[in-house]
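Everything below concerns the one structure shown next.
The values are calculated or read from the model by the stated rules, or taken from the named source; none is laboratory data. Note that the coordinates shown come from a computational prediction; the quantities given were computed from them, not determined experimentally. A quick note on method: Cβ atoms are made from the backbone with ideal geometry, for glycine too, and the neighbour counts reach across all protein chains shown. Calculation scope for accessible area: heavy atoms of the full protein, side chains included, ligands and nucleic acids excluded. Shrake-Rupley method; radii C 1.70, N 1.55, O 1.52, S 1.80 Å.
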Amino acid sequence: MTDRIPTNLRLLLMLETLGEQTEPLSPAALGRRLGLPKQTAHRLVASMIEEGFLKRDEGGTGLRPGRRARMMATGLMHASSVHVARHQVLLRLAERVGETVNFVVPEDRGMAYHDRVETDWPFRIQLPVGSHVPFHCTASGKTYLASLPKAQRRRLVQAMALPQLSHNTITDPDRLLAELQQISRQGYALDNEEFHAGMVATAVPVTDPAGRYFASVAFHAPTQRVSIERAVELAGVVAAAAAELTTVLFAD
């Protein structure tokens, strides 16, 4: 039956199947899921890797959506006008916490700021839309890392550079992995002056209806206004906004 599906639709089905997985699939496994001959699956995968729609995972055997596939997904989401509703949720969250709020998505270069609402305070940290920040020392980045399956999380952390960006940056892989396990249990991540001295942040995952990580919603603030204890207290407020974002982003 799959052999009669046009090639362009096969490519979309392959991307859809990969998007439903929590672990990378090999070309052969992906082909089996779709009932494709092994040679056909390898040929289609090679074309999509060459064009940037797929990429190999850290181990080199599994497949992940590539940059072009992720950009396409983001563009389709933007074209559906849900970005307007998304921004309204961020506006309400910014009013509740009184600080700058961000909608952040993982990319190859780090966590990318796709939307934000700036605080009215004169003293604020400038990270405009389009900025990239590290995975290992930001609340949004640690939220993403904590969402990964344990084996994949460990492989990625052990492969990552962990530069010291402030006095509190975690640079030891085992210590970072322990914190990510805690974040996975508690449902939110903190940046306790790990990215910038004098700045704290709280982030919560935004998930799709199946509970899979999609993005992070976060606020950050200078320690002159928000203590780390207050950042913990506000995690519930951020989590409520994350749940609202799931509703507006994935509504029929």
(request) Check the straight Cα-Cα distances from LYS55 and name the aspartates and glutamates below 17 Å, setting aside those fewer than 8 residues away within the same chain. (result) GLU16, GLU20, GLU23, GLU107, ASP108
(request) Show PHE103, PHE214, PHE195 ordered by accessible area, largest first, where the area counts protein heavy atoms only and the probe is 1.4 Å. (result) PHE214, PHE195, PHE103
(message) Test of understanding: express the Cα radius of gyration of the chain as a ratio to 2.2 N^0.38 Å, with N the residue count.
(response) 1.07
(request) Answer with one residue from ILE228, SER26, THR171: the one whose Cα lies farthest towards the positive end of the charge dipole of the chain, charges on Cβ with Lys, Arg +1 and Asp, Glu -1. (result) SER26
(request) Give the accessible area for MET199 in Å² (nearest 10); use a 1.4 Å probe, count only protein heavy atoms, and leave out ligands, DNA and RNA. (result) 10 Å²
(message) For a quick check: with amide H placed at 1.01 Å from N, whose amide H comes under 5 Å from PHE214's, ignoring anything fewer than 5 positions away on the same chain?
(response) VAL206, THR207, ASP208
